[in-house]
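These notes concern the structure reproduced below.
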Amino acid sequence: MTGALSKVYFFLIGLFLAAPMIVVAGVSVNAKQTLAFPPKGFSLSWYGEIFLNPEWRNALFASLTLAILSAALAVAIALPLAWFLWRRIAPWANIFQLLGIAPFTLPPVITALGLLTFWATTGFYGQPWTAVVSHAIFFVTLPLVTLSLGFTAIDRSLVEAAATMGADDKTIFRTVVLPLILPYIVSGYAFAFVLSLNEYIVAYMTVGFTMETLPIKIFNALRYGYTPTMASVTILFVATAAIIFSLVARFGDLPKLLGAMSSDDT
Amino acid sequence: MSGLALNNVTKEFGTFTAVNNVELMVPHGTFVCMLGPSGCGKTTLLRMIAGLDLPTGGAIRLDGEDITHVPTHKRNLGMVFQSLALFPHLTVGENIAYPLRIRGVPKEDQKKRVDELLSMIHLSGYADRPVAKLSGGQRQRVAIARALSISPKLFLLDEPLSALDAKLREAMQVELRQLQQKLGITTIVVTHDQREAMTMADTVVVMKGGEIRQAASPIEIYRRPADTFVADFIGSTNLLEAEADGTGAVAVLGQPVSGVSLGAGVRKATLSIRPEDVHLTAPGNGALSGTVTFVRDLGGTIETFVDIAGRQLVAVSTPRARPDVTVGQPVGVVLLPDVCVVLAK
Amino acid sequence: MRREAPQKLSDYGPLFFPATMLIVFFVVPFATMIAVSFFQRQQGGFYVPAFQFANYERFLSLFFANVLGFSLMLAVTVAICCVVLAVPFTYLLTRMRRKVQIVWLVALLSVLSLSEVIIGFAWSTLFSRTAGITNLLVMAGIMSEAKALLPSFGAVLTGMVYQAFPYTVLVLYPALVRLDPTLTEAARTLGASPIKAFFTVVVPALRNTITATLIMVFIFALGSYLLPQLLGRPQHWTLSVLITDQAIYQSNMPFAAAMAVFLVLVTLGLVALTVLAGRKGEAA
């Protein structure tokens, strides 16, 4: 009886999560440029539009470039920090852990506005690279959390064993720590990448007037009326996120990354 | 019929059979210990009796009533978990009162019963303490009191003493047995500690690979094990290969012995002989001949290791009957027929 | 490995890059924002340095009191809705087979990563007259004519719950996974039905986790900047929307900064209050 009840509950939650996507997917295959559901006719041309229409294609490339670079920078900031905190006893250095977590925990408008005033004051406002730095700072939380988790999972006696065999700190990092932490680097990168791809407010406040990322493009398009390309881009985004997170789950331990204690908990 | 009956109880997880066709009758008021190595199915069997797992075959009856598909919370039982599972958000008293509260027992009656139980477990005055502030032994007692607060028909315990240190564990074993005898409640304990089982149980059920190998009183299990697994698992023993030539002559490890019979028509068997039953004498005179390889003097007991044709045998003796042997010395081993248990190959 | 305090200056090496980046691009911008909140707005440009409280004085109006009140009310409502929906959901999820859990986690992460723009667009489509769910109701014969369900408070609330629900589940997940499963089993052997066991054992045992989650979701919901704009009417605009609006469209950065500082203070203040209340409750 309770089993049936929970199945119904899960179905309803699933429906709630999927409903907007189902409608948008339906809209995205309309034959004509109409906002109709159920769709009138069937056409995949709105998906082609993302790659054929130069405006959408440029936005796609801008978003991809931004996500690839900013996620890499975020990992580059998080990795040495997480390693240092694991390797050394330096309580005051925990302040940087806190600083790394703050940008993502505060309301995003705050971080965005802080960066906007900073770039405006320093005179770099509108330069494309400022978006990369802004996103890297905004999303540094994600690799920082996954990497800290990854380091705590490393048995310290492994490092001791390597030291007894004659490895110095650098060699230990390269031959023992790095291979063990690699899955966490990859998932931290993946989280930052997907979120950067989707991010709107920070990108908009920093480079919104000089560069169009996909979310900015969708929002701008939304203000000037409707085009089914928005729907096809949305579906493309959801599919990309689902594929990347599935890959993380396939090659890593997703429940553990999200805080479950051990992998054999079922 | 009064008591708990398991009929052909089976539990399969996919292709793995955790419990296979278990038949067991537990008369009302008895104390049963289920004993076996980890993965033998004893915990799964206990969870099925509790209704936490459903059998894939067979039936469970309590006092003649089929309870196989009765949900756990309607079985009116008391269970102590290995982790104890004391509710961290409730005090000692609230934990013990929980089953009463769930059943809508009036507040004053709850309080009376809690006081009664607390005095039974020697923790009077602890009702308002948080459970986190208790010692291991005290938490143990609270878990027991909570399980007994509704005076259940069935008292189940899953490795209840495994978290305690050795001394406390021994004391709790005695206490638990005395409590059970006072209340006369049907009790089933799962354990992997044979000493615990020997101390507490009326009936010991030895399990392996999801099956019951033997169910009998502790002394019967020790003296008359049903097979080599039980003989080896309960206490320590010497298992020796024996062969009969068909004319009544029997050879153990290739050497002829007298007075031992393997039974009619049996050509090959295993003899189980407890170390305390092994007698060492001078070589010859029909004794098995071997060589002393090691002497372990533990003060209270002395273990002598003897090599016979490449097989090792252990003899245990008290300091008073200390055998006069040194390492490397040839020695004779006497197998007294009345202490040898013949086990089928 | 023995963890040890850094001995030589070079031991601090790994810290250099992350510390510089975080200080230059997070601490300094944050300080800049605070400074700008005291500056004077310059028509046509950004602002000129000054030290005035004019930007803060503008809060002392009924309009801002209303916006602040509405923002807080909306965030609290979203937090309560999400936690009420997510606690049983996450609890049941953690009791499922690992493979099923992973499928749900992937789905939740995918929704969580969606931009507010996309969530706003998707729900505005779902609630629209021409492509919305009302068309299905018309087809099923329940309604006579399709109609738009937005802009409305219900639409804003639905969109924000949709946005915050996956976040809530993921915040609750670690604590619920670690909850000793024998606690509910014990409750069941002691006579509690599964539903009763959930309310008498799971929920009380997780009291602190649930409070912490409420705060986290509350802050998350306070940050919503587009959904009230896309799904609601101007009276449904929150402080985050106003900050965005002032900074981008009204080009009044000092005022936007003042509001942002105010939002941070309100957020931190409420969190501190809740934590304090929680401590007191525990001590009693």
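Only the coordinates and a few stated rules stand behind these numbers; no lab work does. It should be emphasised that the depicted structure is a prediction, and the values quoted were computed from it without experimental measurement. Please note: Cβ atoms are built from the backbone with ideal geometry, for glycine as well, and neighbour counts cover all protein chains shown.
The table below gives the values:
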item: Interchain or long-range residues, amide H under 5 Å from B:Leu335's placed H; result: B:Leu288
item: For B:Asp53, distant residues with modelled amide H under 5 Å away; result: B:Met48
item: Gain on full stretching of the segment that runs from B:Ala282 to B:Ile219 - 0.36 nm per residue minus C-alpha separation; result: 19.5 nm
item: For A:17-26, mean number of other protein chain Cβ atoms within 10 Å; result: 6
item: Debye-sum result for chain C in log10 I(q)/I(0), which assumes one identical scatterer on each alpha carbon, at q = 0.08, 0.11, 0.13, 0.14 Å⁻¹; result: -0.51, -0.89, -1.11, -1.19
item: Distance from the stretch C:79-114 to the stretch A:9-34 (C-alpha centre basis), Å; result: 19
item: Kirkwood estimate for the protein assembly as shown, i.e. one over the average of 1/r between Cα atoms, Å; result: 33.0
item: Among C:Ala31, C:Asn55, C:Met139 the positive-end extreme of the charge dipole of chain C (Cβ point charges); result: C:Met139
item: Karplus-derived 3J(HN,Hα), 6.51/-1.76/1.60, for each residue of the stretch B:25-34, Hz, glycine and proline x; result: 10, 10, x, 3, x, 8, 10, 10, 10, 9
item: Over chain B: helical MRE at 222 nm, DSSP H runs n ≥ 4 each giving -39500 (n - 2.57), nearest 500; result: -7500 deg cm²/dmol
item: Two-site label geometry, B:Asp115 and B:Lys133: point separation in nm, points 7 Å out along Cα→Cβ; result: 2.1
item: Taking only Cα atoms of the stretch B:84-154, radius of gyration then Dmax in Å; result: 10.9, 31
item: Amide hydrogen neighbours beyond the local backbone of C:Gln40, cut-off 5 Å, H modeled; result: C:Val48, C:Ala50
item: Mean projected area in nm² (Cα convex hull; one quarter of hull surface) for the stretch A:1-43; result: 3.4
item: Residue exposure sequence - B:Asp324, B:Asp232 - by fewest surrounding Cβ within 10 Å; result: B:Asp324, B:Asp232
item: Value of relative contact order over chain A, rounded to a whole percent, pairs C-alpha under 8 Å and six or more apart; result: 28
item: Among C:Leu114, C:Leu190, C:Leu230, residue whose mean-square fluctuation peaks in a GNM of chain C (springs only between Cα atoms under 10 Å); result: C:Leu190
item: Chain C - charge dipole about Cα centre, Lys and Arg +1 at Cβ, Asp and Glu -1, debye rounded to 20; result: 660
item: Cα-projected label distance for A:Ser157 with A:Ile95, points at 7 Å along beta-carbon direction, nm; result: 3.7
item: Rg to Rh, two decimals, where the stretch A:55-97 supplies the alpha carbon set and Rh follows Kirkwood; result: 1.31
item: Helical contribution to [θ] at 222 nm, DSSP H n ≥ 4, -39,500 (n - 2.57), averaged over chain C, rounded to 500; result: -21000 deg cm²/dmol
item: Average beta carbon contacts from partner chains per residue of A:192-204, 10 Å cutoff; result: 4
item: Farthest positive-ward along the stretch B:3-231 dipole, Cα basis, beta-carbon charges - from B:Ala215, B:Leu123, B:Ala50; result: B:Leu123
item: Kirkwood hydrodynamic radius of the stretch B:236-344, from inverse mean 1/r over distinct Cα pairs, in Å; result: 14.2
item: Span per principal axis, largest first, for the Cα atoms of chain A (Å); result: 71, 64, 31
item: Dimensionless Rg/Rh of the stretch B:3-231 - Kirkwood Rh, Rg from C-alpha atoms; result: 0.97
item: Sorted by Cβ neighbour density within 10 Å, fewest at the top, the residues C:Cys82, B:Cys33; result: B:Cys33, C:Cys82
item: Distance between modelled label sites at A:Leu44 and C:Asp180, nm, 7 Å Cα→Cβ extension; result: 5.5
item: Qualifying chymotrypsin sites (Phe, Trp or Tyr not before Pro) in the stretch A:156-246, DSSP loop, other Cβ atoms within 10 Å at most 12; result: A:Phe209, A:Tyr224
item: Simple Cβ-charge dipole of the protein assembly as shown, Lys/Arg +1 and Asp/Glu -1, about Cα centre, in debye nearest 20; result: 1580
item: Charge-dipole axis of the protein assembly as shown as Lys and Arg at +1 and Asp and Glu at -1 on Cβ define it, positive-most pick from A:Ile185, B:Ala264, B:Pro27; result: A:Ile185
item: Footprinting exposure proxy for B:Arg322, B:Arg146, A:Arg223 (fewest neighbouring C-beta atoms within 10 Å first); result: A:Arg223, B:Arg322, B:Arg146
item: Descending principal axes extents, the stretch C:60-197, alpha-carbon based, whole Å; result: 52, 51, 30
item: Average other protein chain Cβ within 10 Å of Cβ, residues A:151-160; result: 1
item: Choice from C:Ser251, C:Ser128, C:Ser193 with maximal GNM fluctuation in chain C (Cα, 10 Å cutoff); result: C:Ser193
item: Cα-based Rg and Dmax for the stretch A:1-113, where Dmax is the largest Cα-Cα distance (Å); result: 22.9, 65
item: Modelled label reach - B:Arg311, point 7 Å along Cα→Cβ, the stretch B:244-277 residues with backbone N closer than 15 Å; result: B:244-245, B:250-258, B:260-262, B:267-275
item: Value at 222 nm in deg cm²/dmol, rounded to 500, when DSSP H runs of n ≥ 4 in chain A each add -39,500 (n - 2.57); result: -24000 deg cm²/dmol
item: At R0 = 25 Å, FRET efficiency that the Cβ-Cβ distance of C:Asp245 and C:Val266 yields, to 0.05; result: 0.85
item: Cα centroid separation - the stretch A:126-196 against the stretch B:108-169, whole Å; result: 47
item: Difference of contour (0.36 nm per residue) and Cα-Cα distance, B:Ser38 to B:Asp165; result: 43.7 nm
item: Column: log10 I(q)/I(0), Debye, Cα scatterers of the stretch C:167-284, q = 0.20, 0.22 Å⁻¹; result: -1.09, -1.19
item: Max mean-square fluctuation residue, GNM over chain A, Cα-Cα springs under 10 Å, options A:Val248, A:Val27, A:Val159; result: A:Val159
item: Spatial separation of Cα centroids for the stretch B:25-95 and the stretch C:182-226, in angstrom; result: 27
item: Hz values of 3J(HN,Hα) by residue in the stretch A:65-79 - Karplus curve (6.51, -1.76, 1.60), Gly and Pro given as x; result: 4, 4, 5, 4, 6, 5, 5, 5, 5, 4, 5, 5, 7, 6, 4
